[in-house]
Amino acid sequence: MLDTPPEEAFDRLTRLARRIFGVSMSTISFIDGHRQWFKSQQGMATCETDRGPAFCNIAIQQPTSLIVTDAVTDERFRDNPFVIGEPYVRFYAGIQLRCPEGHAIGTLCAIDPQPRTFGPRDQETLADLGALAMEVLELRRRSAAKTGSMVGDAGQSGLAREFAHGRSVLKAGRIVFNNGRAIVKCTVRQLSPDTAVVHVISTAKIPDRVALMIDADATSRLCSVNSRAEQHLALAFES
C-alpha cells in the first residue's frame, strides 16, 4: 500500500471526515521505518513527513483513539514542530488502523489549526470511519495477494526482481556515505542475506557505494547500488 497512487475509496473517507467534523484537514496515514506517508489527504500540502514528530506516530502507540483538543496546552505536543510550524496543529483526533493481527499500521485523523472539543459521539463516528478504511484496505490486500501487485514504486524493472528475492520487512535504517559525513534516513522494505531494498525520500544525491545501517539488528554493511528508482534503492552487500 505504501507509495501507491491516490484512490477515490480512501479520498472519499477523508472528505467525509473533514465535512463531518468541520475541520480543515483530514488524512489517512501509514507509518513505516522513518516516515509518515499519506495514502489520502485533504487540506495538506505534502504527501509525507518525518516519522519522529508525527502525531500519527504517537497515535499508533495508544490503545484507543488519540484526541488532542488543544496541542498548545498539551505538554506532549506544545513544542512539536507541526504545532509551532506548518500546518500549525491545535486540534487532532486520530483513530488507529489495525490489521487483522491487531497491529496498528496507521491512522485516520481529523486536524485543525483551531482548538476544538470532541465528544463521545464524535469518537464513535471517527471509529466507524476508521473501520471503513480498514475494510477498503483489507479488500486491496486480498486483491494484491491474488495479482501480486501493491509493490508501489518498486514494481519497476530491476527493483521488481530484487523484491522477489528477499523477505518483506519494515525496519528503520540509515544510508551513510561521504566518509560518514552524509546520512540519509531510510526504511528497509526487503532483506535477504545478500541484498536489501530500501525506501528513501530521494535517491538523487546518493552514490553507487554506501553503507547501510540497521539499528534494530545492530547491522552495518557496505553495499553497492544495483538499481534505483525515484525513492527506492536495490542494494547488494559486499563481502
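Derivation of every value follows stated rules applied to the coordinates shown; laboratory data play no part. In this text, all values refer to a predicted model and were calculated from it rather than measured experimentally. No Cβ is skipped: glycine too gets one built from the backbone with ideal geometry, and neighbour counts run over all protein chains shown.
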Residue with peak Gaussian network fluctuation, the chain [Cα springs, cutoff 10 Å], from Lys185, Lys205, Lys39: Lys205
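Provide the percentage of antiparallel DSSP beta bridges, counting only those with both residues in the chain; round to the nearest 5. Before the final figure, lay out each step's value.
Numbers: 58 of 58 bridges.
So the antiparallel bridges in the chain amount to around 100 percent.
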For segment 8-147, size of Cβ-based charge dipole, Lys and Arg +1, Asp and Glu -1, in debye: 380 debye
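As a footprinting exposure proxy, order Val169, Val198 by other Cβ within 10 Å, with the fewest listed first. Each step should come with its number before you reach the end.
Details: Val169 17, Val198 30.
By the 10 Å Cβ count, ascending, the order reads Val169, Val198.
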Which of Gln42, Val188, Leu137, positive extreme of dipole for the chain (C-beta unit charges): Val188
Cα-based reach from Lys39 at 12 Å (exclusive), listing aspartates and glutamates while leaving out same-chain residues under 8 positions away: Asp3, Glu7, Glu8, Asp11, Glu48
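Hey, got the dipole for the chain? About the Cα centre, +1 on K and R Cβ, -1 on D and E Cβ, debye to the nearest 20?
Charge dipole of the chain: 260 debye, to the nearest 20.
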Cα-based Rg and Dmax for the chain, where Dmax is the largest Cα-Cα distance (Å): 18.9, 59
Of Gly119, Pro53, Ile84, farthest towards positive along the dipole that unit charges on Lys, Arg, Asp, Glu beta carbons give the chain: Pro53
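Using the 10 angstrom Cβ neighbour count as an exposure proxy, how do Phe177, Phe30 rank, fewest first? Present the calculation step by step, with values, prior to reporting the outcome.
Details: Phe177 17, Phe30 21.
Going from sparsest to densest Cβ surroundings: Phe177, Phe30.
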C-alpha long axis of helix 120-147 to longest principal axis of the chain, angle in °: 30 degrees
0 to 90° range, to nearest 10: angle between helix 8-21 axis and the chain longest Cα axis: 30 degrees
For Arg51, residues with placed amide H under 5 Å, excluding near neighbours: Arg35, Gln36
Long-range HN-HN contacts of Ser227 with modeled amide H, under 5 Å: Ala234
Aspartates and glutamates whose Cα lies under 12 Å from that of Lys185, excluding same-chain neighbours fewer than 8 positions away: Asp32, Asp50, Asp215
